Amino acid sequence: MKAFYPQLTPRRVFMLATLAMAVIGLAIIGRIAIHSFTNEYRDYIRTPSAAISLHPEQAGVPGLREISFAAVGDPIIAGWYAPPSNRAAVILIHGADAERSAVLPELQFLAASGFGVLAFDCPGQGASGGRTHWGVGERRAIGAAVDWLVRRDEVDPHRIGAFGMSMGAYVLTQEAVNDTRLRAVVLAALPHDVVAFTWLATRRWGVISALPAYLALRAGGTPVDMLPKDIIGAISPRPVLIVGGELDPWVPPWMARLMFAAAREPKELYIVHGGHHADYAQVAPEEYKAHLVDFYQRTLISGAP
């Protein structure tokens, strides 16, 4: 018996080639979508403590030690603390896919300038308990850090400031609106809108990459209300310094300027020349340090009651 082989006419060859290309195209699209989703969802997965985070004595900050605190009913938050020599203290909040060591450069030069420093792992990150949502839990952790500092004899409760980087600045903006004990706020690489921020960060393949990232954002539980662009003005009359990077692809200078326009006086804007996303201490170490130290000196020391 003869085997049956379909006749490969030009039309049939074209149809088979088209089908093969469609299958390959769908596979590529699927791979891009899955990669975009999982990459975005990493922001909600625990970033292990860096080696330096487990050894504060190696951080180059005299008196730096491990601490822990928590709001009533909340998970334990792990952090670092070094006392001030000027009775002022600054809370430092890291961004996504990071833990406390991400703000080590800022912690080092603020401590060297006499400020007390408290840096902590956000919920679900580093050595802290809980889960990451970049919302209520992170805001409550900031409030608990303020509570902890207020009880310190060496800290003047009217001289407490805060620094937030990227998503740390996002939740800091929200908490600073409600917690007036934060007397001066630095918001670095601040997304004006978390959805727009996610879109910009994942826009390479258009909707194929951006939509899965948005779905990951929603799956992670980040609230899309209380957008910084809508609420930053309510921090006034407490001073705000907005810091952005000239070459930041995710929080570009126009976004920093938009946030500056939405803020109310007293407010300041500093665009780091050559800066990308959150790399200011590496790109312009002396200028960046001078801006931050001068801001906190004027607002927490000279301008404090």
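Scanning the stretch 239-264 for residues that are closer than 18 Å to Asp279 by Cα and of a type in the set (Val, Ile, Thr), which turns out modelled with the lowest pLDDT?
Here the answer is Val251.
Being under 20 Å from the mean Cα position of the chain (by Cα), part of a loop (DSSP other than H, G, I, E, B) and surrounded by fewer than 20 Cβ atoms within 10 Å (Cβ to Cβ) is the filter here, so list the residues in the stretch 274-305 that pass it.
Result: Gly274, His276, His277, Asp279, Ala284.
Please state which one of Ala189, Ala162, Ala169, Ala144 is more than 14 Å from the chain's Cα centre (by Cα) and of a type outside the set (Val, Ile, Thr). Working first, answer last.
Details: Ala189 fails: more than 14 Å from the chain's Cα centre (by Cα); Ala162 fails: more than 14 Å from the chain's Cα centre (by Cα); Ala169 fails: more than 14 Å from the chain's Cα centre (by Cα).
None of the others qualify; the one that does is Ala144.
Determine the pairs where a residue that is under 30 Å from Ala219 (Cβ atoms), located within the stretch 135-161, has a partner that is part of a helix (DSSP H, G or I) and not polar (S, T, N, Q) with Cβ atoms under 6 Å apart, the partner being 6 or more residues away or on another chain.
Taking only residues 6 or more apart or on different chains, the pairs are Glu138/Val171; Arg139/Val171; Arg139/Glu175; Ile142/Glu175.
I need a count of the residues in the stretch 41-69 that are on the phi > 0 side of the Ramachandran plot and within 21 Å of the chain's Cα centre (by Cα).
Count: 0.
Using beta carbons and a limit of 8 Å, which pairs, at least six apart or on different chains, have the first residue in the stretch 50-66 and under 13 Å from Gln108 (Cβ atoms) and the second one among the charged types (D, E, K, R)?
Pro56/Arg65; Pro56/Glu66; Leu64/Glu57
So which residues in the stretch 39-69 are touching a strand residue (DSSP E or B) at 6+ places or on another chain (Cβ under 7 Å) and assigned to a helix (DSSP H, G or I), if there are any at all?
Matches in the stretch 39-69: Pro56 only.
Scanning for something closer than 25 Å to Tyr288 by Cβ, surrounded by fewer than 20 Cβ atoms within 10 Å (Cβ to Cβ) and of a type in the set (A, V, I, L, M), does the stretch 106-118 turn up at least one residue?
Yes.
For Glu268, are the conditions met, namely being more than 16 Å from the chain's Cα centre (by Cα), free of Cβ contacts under 8 Å to residues at least 60 places away in the same chain, in the same structural domain as Phe163 (by TED's automatic domain parsing) and farther than 22 Å from Ile91 by Cβ?
On the way: more than 16 Å from the chain's Cα centre (by Cα): yes; free of Cβ contacts under 8 Å to residues at least 60 places away in the same chain: yes; in the same structural domain as Phe163 (by TED's automatic domain parsing): yes; farther than 22 Å from Ile91 by Cβ: no.
Judged against the criteria, Glu268 is not a match.
Any idea how many residues of the stretch 260-285 are farther than 11 Å from Ala188 by Cα and not basic (Lys, Arg)?
The first filter runs over the stretch 260-285 and keeps only residues farther than 11 Å from Ala188 by Cα, leaving 260-268, 273-276, 281-285.
The next check asks that each one be not basic (Lys, Arg); those that pass are 260-263, 265-266, 268, 273-276, 281-285.
Total satisfying the criteria: 16.
Given the criterion among the small types (Gly, Ala, Ser), modelled with pLDDT under 95 and closer than 28 Å to Tyr41 by Cα, identify the matching residue among Ala71, Ala78, Ala98.
On the way: Ala78 fails: modelled with pLDDT under 95; Ala98 fails: modelled with pLDDT under 95.
Answer to the selection: Ala71.
Scanning for something farther than 17 Å from Thr173 by Cβ and assigned to a helix (DSSP H, G or I), does the stretch 257-273 turn up at least one residue?
Scanning the stretch 257-273 turns up no residue that is farther than 17 Å from Thr173 by Cβ and assigned to a helix (DSSP H, G or I).
Tell me yes or no: at least one residue of the stretch 247-261 is among the acidic types (Asp, Glu), more than 17 Å from Leu92 (Cβ to Cβ) and without any contact (Cβ under 8 Å) to a residue 24 or more places away in the chain. I'd like the intermediate steps shown before the answer.
Initial filter on the stretch 247-261 (among the acidic types (Asp, Glu)): 248.
Filter once more, keeping what is more than 17 Å from Leu92 (Cβ to Cβ): 248.
Add one more test, that the residue is without any contact (Cβ under 8 Å) to a residue 24 or more places away in the chain, and what stays is none.
For the stretch 247-261, residues among the acidic types (Asp, Glu), more than 17 Å from Leu92 (Cβ to Cβ) and without any contact (Cβ under 8 Å) to a residue 24 or more places away in the chain: absent.
Among the residues that make up the stretch 114-121, is at least one of them at pLDDT 95 or above, touching a Lys or Arg at 6+ places or on another chain (Cβ under 7 Å), of a type in the set (A, V, I, L, M) and part of a strand (DSSP E or B)?
In the first step, residues of the stretch 114-121 are kept if they are at pLDDT 95 or above; the result is 114-121.
Retained after the next criterion (residues that are touching a Lys or Arg at 6+ places or on another chain (Cβ under 7 Å)): 119-121.
Within this subset, residues satisfying the condition of being of a type in the set (A, V, I, L, M) are 119.
Filter once more, keeping what is part of a strand (DSSP E or B): 119.
Looking through the stretch 114-121, at least one residue is at pLDDT 95 or above, touching a Lys or Arg at 6+ places or on another chain (Cβ under 7 Å), of a type in the set (A, V, I, L, M) and part of a strand (DSSP E or B).
For Thr202, all conditions in the list (1) touching a helix residue (DSSP H, G or I) at 6+ places or on another chain (Cβ under 6 Å); (2) assigned by TED's automatic domain parsing to the domain that holds Pro123; (3) more than 14 Å from Trp134 (Cα to Cα) hold save one; what is the number of the exception?
(2)
Criterion first (assigned to a strand (DSSP E or B), surrounded by 19 or more Cβ atoms within 10 Å (Cβ to Cβ) and not hydroxyl-bearing (Ser, Thr, Tyr)) does Val103 satisfy it?
Values: assigned to a strand (DSSP E or B): no; surrounded by 19 or more Cβ atoms within 10 Å (Cβ to Cβ): yes; not hydroxyl-bearing (Ser, Thr, Tyr): yes.
In short, no.
So, in the stretch 244-271, how many residues would count as being more than 18 Å from Leu200 (Cβ to Cβ) and surrounded by 22 or more Cβ atoms within 10 Å (Cβ to Cβ)?
The total comes to 1.
The values are calculated or read from the model by the stated rules, or taken from the named source; none is laboratory data. Keep in mind the model is a prediction, meaning the values are calculated, not measured. Glycine gets a Cβ as well: all are built from the backbone with ideal geometry, and neighbour counts include every protein chain shown.
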